[in-house]
């Protein structure tokens, strides 16, 4: 039910203005809808291209980044319903290049929940592989649809995951821990390509997901948004200077299932309404069964402080509501989708600037609509770590994706954290947990240890970062 008041609206819009100012965000689009697709609240701020006065509207194309993972999971669930695969099948059955030689059986369900057991690895980029294969979009067409590129990407990703061992590269057994894994969702998109009945993952989504919901400005294409007049320019800070470009290949993973989708606010209204209607699109077409939607949102493995990850969506309690959602981040992309059956609403937030905490805006919009105070109190209880634990955790941690930090004993005997930017505001909150306090949101941390390996990693947000 819409319980928005004039005062709560002012609080939320002031929050949006503050976040955009503090992160130098160029443009933002956000809305709240109910299950009928009716807009309950909508806001557009900034520009799609700095300094031009070009306004953002409901049809402006934004990158979605990892929000794509929900589309990938939906496609896998469709294939499971069709009897093409089972979520309990080993990944090696469909991707034989992944022989599964160094760990227990990794199942499709594990990849859907980021629980395959893999630490973060460097991205295998679409442009790099295309260059190695001698592919050029001018002559070979949009890389999102290139079969040779996907096949080579699938081989490269599968073989490097296959090389990981418990001594180097595995964070535990399949299903033991969640550690966000773009490689896993890349392999899922390759399964979709190989067995879904279409020559590419992008084409499968077009025919089985997007067209059936009348989402005609949504796609995985790289060239199309660069040429579309109503597509957002991508902005990110480099060496302290905000720069913009239209290169939608930037940092793009070679396999599309982890982050290649682009869409608009108006198209995503149709997508989120489908979830609110448990698999039925606004035009009446069944996209997924209610059972499969329930399986996607069902919590399966702990995520963050109080959330859980299902299949391509994670769930948290926000303002007393159970909220499945997903965010995304790439150069020039900050995105978040969320919905709740508890108050029959969905929220979409899209921004064309890197690193903007749009999930904070999403949470505030959900709470505003429910009549709950939209501002986050961020109250935590401090709990000191033992001397023994501090001695064990001290050291350097780094991942293949570039995250690196040091935990050390401070002069007062407590634990501190620093990275290349300087000292982090680390607050210990439990016997083996902590948060890093940021400007608008906290990053949850947990010590990862076993009797055999001792302290060997720290959960930092959604990733497990190994100790060197």
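Yes or no: residue 316 without any contact (Cβ under 8 Å) to a residue 40 or more places away in the chain and buried (at least 23 other Cβ atoms within 10 Å of the Cβ)?
Numbers: without any contact (Cβ under 8 Å) to a residue 40 or more places away in the chain: yes; buried (at least 23 other Cβ atoms within 10 Å of the Cβ): no.
Criteria not met by residue 316.
Quick one: which residue in 416, 430 is in a loop (DSSP other than H, G, I, E, B), at pLDDT 95 or above and surrounded by 12 or more Cβ atoms within 10 Å (Cβ to Cβ)?
Numbers: 416 fails: in a loop (DSSP other than H, G, I, E, B).
Just a single option satisfies the conditions, and that option is 430.
Sort out which residues of segment 320-338 are touching a residue at least 24 places away in the same chain (Cβ under 8 Å) and out of contact with any helix residue (DSSP H, G or I) (no Cβ under 8 Å at 6 or more places or on another chain), and write them in order of number. Give the derivation first.
Filtering segment 320-338 down to residues touching a residue at least 24 places away in the same chain (Cβ under 8 Å) leaves 320-321, 323-338.
If the condition is that a residue be touching a residue at least 24 places away in the same chain (Cβ under 8 Å) and out of contact with any helix residue (DSSP H, G or I) (no Cβ under 8 Å at 6 or more places or on another chain), then 331, 332 are the ones that fit.
Assuming residue 229 fulfils every condition listed in (1) assigned to a loop (DSSP other than H, G, I, E, B); (2) within 18 Å of residue 70 (Cβ to Cβ) apart from one, which condition is it?
Just one mismatch for residue 229, condition (2).
Of the residues 336, 322, 343, which single one is modelled with pLDDT of 95 or more and either surrounded by 24 or more Cβ atoms within 10 Å (Cβ to Cβ) or on the phi > 0 side of the Ramachandran plot (or both)? Give the steps one after another, and end with the answer.
Values: 322 fails: either surrounded by 24 or more Cβ atoms within 10 Å (Cβ to Cβ) or on the phi > 0 side of the Ramachandran plot (or both); 343 fails: either surrounded by 24 or more Cβ atoms within 10 Å (Cβ to Cβ) or on the phi > 0 side of the Ramachandran plot (or both).
Matching residue, one of 336, 322, 343: 336.
If I filter segment 106-142 down to residues being free of Cβ contacts under 8 Å to residues at least 12 places away in the same chain and in a loop (DSSP other than H, G, I, E, B), which single residue comes out as surrounded by the fewest Cβ atoms within 10 Å (Cβ to Cβ)?
Applying the filter and picking the extreme gives 134.
Report whether or not residue 461 is touching a strand residue (DSSP E or B) at 6+ places or on another chain (Cβ under 7 Å) and either under 23 Å from residue 306 (Cβ atoms) or touching a residue at least 60 places away in the same chain (Cβ under 8 Å) (or both).
On the way: touching a strand residue (DSSP E or B) at 6+ places or on another chain (Cβ under 7 Å): yes; either under 23 Å from residue 306 (Cβ atoms) or touching a residue at least 60 places away in the same chain (Cβ under 8 Å) (or both): yes.
Judged against the criteria, residue 461 is a match.
Counting residues that are within 23 Å of residue 351 (Cα to Cα) and touching a strand residue (DSSP E or B) at 6+ places or on another chain (Cβ under 7 Å), which strands (runs of 3 or more DSSP E) fully inside segment 234-314 reach at least 3? Please lay out each step first, then the result.
On the way: elements: 234-238, 241-245, 301-303, 307-309.
Hits in segment 234-314: 234-238, 241-245.
Which of the residues that make up segment 13-41 are over 29 Å from residue 238 (Cα atoms) and touching a residue at least 12 places away in the same chain (Cβ under 8 Å)? Explain how you work it out, then say what you get.
Residues of segment 13-41 that are over 29 Å from residue 238 (Cα atoms), as a first pass: 31-41.
Within segment 13-41, 31, 32, 33, 34, 35, 36, 37, 39, 40, 41 meet the criteria.
The values are calculated or read from the model by the stated rules, or taken from the named source; none is laboratory data. The structure displayed is predicted, hence computed values, not measured ones. Every residue, glycine among them, receives a Cβ derived from its backbone with ideal geometry; neighbour counts consider all protein chains shown.
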